[in-house]
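Derivation of every value follows stated rules applied to the coordinates shown; laboratory data play no part. These numbers come from a predicted model, not from an experiment. We place every Cβ from the backbone using ideal geometry, glycine too, and count neighbours over all the protein chains shown.
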C-alpha cells in the first residue's frame, strides 16, 4: 500500500493519497483546492487517481474534489446523507472503494460535526481489521469535532452533538485499539477547541487520553462539546455550502477572474 499524508499549515488541514502498489490505482481524501501536489506525486509514482472522497462538506476551506474530477477524471464520493449539485457516489456504512486486490476503503457513517460526515476505514493486504481510519472532523487527536458550525444551515448544535456522541461511542470506539487515527485537521484549526499537535494517533490512545471520550452520559457530552467553542469566521457557512455546489474550478477561476498585478501597481496601492 502507498499512503501519503499532506499538511497545509496555514489551515492546519490534512489530506491523504492512498494507492494499491499492484494496480497503481489511487484515491485522494479531503484534498485542498490546489491539487498540483497530488497530480505531481501521482505522475512520479505512475499512479492513476480514480477516486476522490470528502469526509464532509468542509467549512474552513474550498476542497479540490471538482478539480480532481476535471483534471484526473476521478469519481467523487460523499456520505450517503450528502446533497450536492454535482454527480457523486453516495457512501453508506460498509460501502467500499476497492483500489486493487490489496487495498480497500470502507465508509463508516459518523454524523455529528455535520449530518453527512463519514469516516473512512483503510484495509490493507486483505487484513480483516482496518489498518487505519480517516476520521475527517469527527475525531481529532485530543479532541472531537464541534457540532455548532451548521447552526446557520438549520441544524441545532444539541442535535448534532447527540449524533456525534453516538458516532464516537457506537462506531469509532468499537474499532481495535491498534487502529491508526488520521484526522482532517490539527492544532490551530477552528473545527475543534483543543486539537493536539500530533499528526496521527490510535483508537486506543484516544480512548485513554482524549478528554471528550471519557465516560459520561450523552447529555453531559453534548453540554461539554457545545460549551466554550471559539468563534467561527463568517466565511465558514459560505464555504460549507460552496463545497456542495458545481462551482468554477481553480483553473477556471484563474482564467476568468483572477489577473496578476504588476509590481508597480501593488507598490502604488500600498503607498496610497
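The helix-only estimate of mean residue ellipticity at 222 nm for the chain, built from DSSP H runs of length n ≥ 4 each weighted as -39500 (n - 2.57), is -7000 deg cm²/dmol after division by the residue total. Highest mean packing comes first when the peptides 106-119, 56-69, 145-158 are listed by Cβ atoms within 10 Å, giving 106-119, 56-69, 145-158. Kirkwood radius and radius of gyration were both taken over the C-alpha atoms of the chain, and their ratio Rg/Rh is 0.99. Annotation: the antiparallel percentage among DSSP beta bridges lying fully within the chain is about 65. A Cα-only calculation for segment 154-234 places Rg and Dmax at 13.2, 39 Å. The protection proxy used here, the mean number of other Cβ atoms lying within 10 Å of each residue, ranks peptides 243-254, 174-185 as follows, highest first: 174-185, 243-254. Comparing Cα centroids, segment 8-57 and segment 88-130 end up 16 angstrom apart.
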